[in-house]
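Here the structure is laid out as structure tokens; the discussion comes afterwards.
Nothing in this text is a laboratory measurement; each read-out follows from the coordinates by a stated rule. Because the structure is predicted, anything quoted here is derived from the model rather than measured. Every residue, glycine among them, receives a Cβ derived from its backbone with ideal geometry; neighbour counts consider all protein chains shown.
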């Protein structure tokens with residue numbers, strides 16, 4: 001990836017749309033929504049920025065389980081995509097990169113949100129802590145857990161990506177920036193911020209969404225800083241190609257994000 005082409009960047013963008021959609025829908029729908037149903041709540045509405053559950057009659061800890069569900073879902077999804085990654089990239093490498101980015105967005109969103117939400121005093125984990133005795137101890141414990149999980153995810157994901165960045169350091173650094181910064185900035189930063197602005201519940205959820213999406217996946221943007229010259233054998237760099245199937249999927253998911261998930265869904 002010495003001279004990245006427009007098609008390479010486009011493919012990275014398309015796969016980024018899919019990865020952030022899965023991570024966001026997984027957080028809100030699978031995580032909060034699944035926990036809501038498990039503890040006996042009733043699903044009401046969902047958007048890219050929130051999940052609304054009828055909590056009438058639920059205990060305080062049942063409500064806390066719903067708040068924690070988003071992070072738990074992201075971590076489980078990230079572990080699943082990491083475990084099911086193909087051993088070696090093919091040609092093109094779209095499927096391998098999609099698995100890697102799905103693992104990265106979910107692991108970093110789950111662990112990073114756990115790290116930033118308690119002390120940021122916004123979002124799920126601030127609500128989880130509310131009403132507990134010794135809130136400072138909870139904030140410290142949850143933040144440290146999130147930091148440890150984020151660092152572990154960074155180490156594992158970098159190790160998986162490192163052999164597929166090329167041989168020369170400038171080439172490797174450029175490849176890592178494209179593979180990480182394009183989805184983080186264009187998708188997490190722009191597309192999902194626009195989607196969050198379309199939600200019907202106000203700016204407080206835009207802030208919460210930004211914490212989960214941008215604050216949570218900050219380690220994805222930071223990962224290229226850890227790329228060094230190769231110490232052992234490396235394979236050829238990833239080769240990404242914008243096939244019609246991937247482009248169609250990316251366009252459909254973008255439309256779904258802005259037209260449906262952003263404004264919200266009623267159940």
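Using the Cβ-Cβ distance between residue 6 and residue 229 with R0 set to 25 Å, the FRET efficiency from 1/(1 + (r/R0)^6) comes to roughly 0.35.
Per-residue extension of 0.36 nm, minus the Cα-Cα distance of residue 243 and residue 91, leaves a gain of 53.5 nm for this segment.
From its DSSP helices (H runs of at least four residues, each -39,500 (n - 2.57)), the chain gives a residue-normalised ellipticity at 222 nm of -18500 deg cm²/dmol.
Multiplying the residue separation of residue 207 and residue 45 by 0.36 nm and subtracting their alpha-carbon distance yields 56.4 nm.
When the inverse distances between all different Cα atoms of the chain are averaged and flipped, the Kirkwood radius reads 18.8 angstrom.
Placing pseudo-labels 7 Å out from each Cα toward the beta carbon at residue 59 and residue 160 gives an inter-label distance of 3.6 nm. Taking Cα atoms only, the orientation of helix 94-120 departs from the longest principal axis of the chain by about 40 degrees.
What percent do you get for the relative contact order of segment 6-266 when only Cα pairs under 8 Å and 6+ apart count? Walk me through the numbers on the way to the answer.
Working: 436 pairs, mean separation 79.1, N = 261.
Contact order relative to length: 30 percent.
Would you calculate the convex hull of the Cα atoms in segment 115-267 and tell me its volume per residue in Å³?
Working: hull volume 21.1 nm³, N = 153.
It comes to 138 Å³ per residue, whole-number rounded.
Compared with the dominant Cα axis of the chain, that is its longest principal axis, helix 6-25 is turned about 20°.
Label positions at residue 119 and residue 255, each projected 7 Å from the Cα along the C-beta direction, are separated by 4.4 nm.
Counted residue by residue at 0.36 nm each, then reduced by the alpha carbon distance between them, the extension gain from residue 145 to residue 186 reaches 11.9 nm.
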